[in-house]
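Working notes for the structure below.
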């Protein structure tokens, strides 16, 4: 089983060499490196060329752009050009643990159903220092259920995936067949979310609860986990009441609901529907698909008709759905979801 690296670069000279060094320090060597440079004006291309000369035994494909097209288009180009059986998505500013490629490839080889595999990570700052050394697992995006499930590798369901992406692209490896399906869809959506959505619909999205990346948060990331956020997944009854009261206060002082209506959900139903129209889900995911569509339609209908009491009943009786559409799945995020929805009912 051959593997490719799909990397997008843009003015990444500060950290790029360290990332490439960690790739070439893998216990299982990579077979191909595909880099899409998005119009860098610093020393990024020179660094890439020096590594290409030093590692001529590896297959390289370096594509350049005369102008910046954005990370979505750049990653799409890199993924489309990969030829390996498994494609590792790679950012320019992280550091890989030496066993990352070998251990993730072993999961693909053992389980043919795995289409996309997300690993956990440890966060580091701009100087490479651990940010949360006491945390065994650091991903705020993955659902509580996945973290509680026994076993090192756990499947992520569609309803968990549809509300929010369950992992950063830099922590993902995907089968080439999934990559080809993603490229053929021709939708310029954030690549990792769309890829994982397709994988979840097929029943092939999995999470590996092992920290195989040093994920760098330096304040200039194109997109990523907020540096100061922590997963407060369990709070006292009193704290829950206090934060709920804050939501009610926020609703009262918010002058207009227009801004909140623009932020009703993390993932627009129309966009999800476009994916559902293009991807036939496996049998076990069809009920999740139907439930999500039904609950989303009902929630937006209650907000549109400004039925506050009915919405509060909906919020309390569909806690799993609300938790999954609250972007980081923390108690605070669920309350913020309540704030936004209530404010959206104001004129």
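All of the numbers you see were taken from the coordinates with simple rules; none came from a lab. All of these numbers come straight from a predicted model, not from anything done at the bench. Note: ideal-geometry Cβ built from the backbone for every residue, glycine included; neighbour counts use all protein chains shown.
Can you give the Kirkwood hydrodynamic radius for region 3-216, in Å, rounded to one decimal and based on Cα pairs?
Working: mean 1/r = 0.0578 Å⁻¹.
For region 3-216, the Kirkwood estimate is 17.3 Å.
Given C-alpha coordinates of region 1-98, what is the ratio Rg to Rh with the Kirkwood estimate of Rh?
Values: Rg = 12.3 Å, Rh = 13.2 Å.
On the Cα set of region 1-98, Rg over Rh gives 0.93.
Nearest 0.05, what FRET efficiency do residue 64 and residue 282 give at R0 = 51 Å with Cβ-Cβ as r? Step by step, r from the Cβ atoms, then E = 0.80.
Could you line up 27, 64, 157 from fewest to most neighbouring Cβ atoms inside 10 Å? Taking fewest neighbouring Cβ atoms as first place, the list is 27, 64, 157. Each of 57, 125, 85 has some number of other Cβ atoms within 10 Å of its Cβ, and from fewest to most they run 57, 125, 85. Label positions at residue 111 and residue 319, each projected 7 Å from the Cα along the C-beta direction, are separated by 2.7 nm.
Counting pairs of alpha carbon atoms under 8 Å apart in space and at least six apart in sequence, what relative contact order in percent does region 4-89 give? For region 4-89, the relative contact order is 44 percent. Fully extending the segment from residue 145 to residue 185, taken as 0.36 nm per residue of separation minus the present Cα-Cα distance, adds 11.4 nm. When you restrict to C-alpha pairs under 8 Å that are six or more residues apart and normalise by the size of region 3-216, the relative contact order lands at 27 percent.
Extension gain, residue 55 to residue 85, is 8.7 nm, computed as 0.36 nm per intervening residue step minus the present C-alpha separation.
Exposure proxy shown here: for 94, 341, 38, 144, the number of other Cβ atoms within 10 Å sets the order, fewest to most, as 144, 94, 38, 341. Within region 3-216, antiparallel bridges make up roughly 35 percent of the DSSP beta bridges whose residues both belong there.
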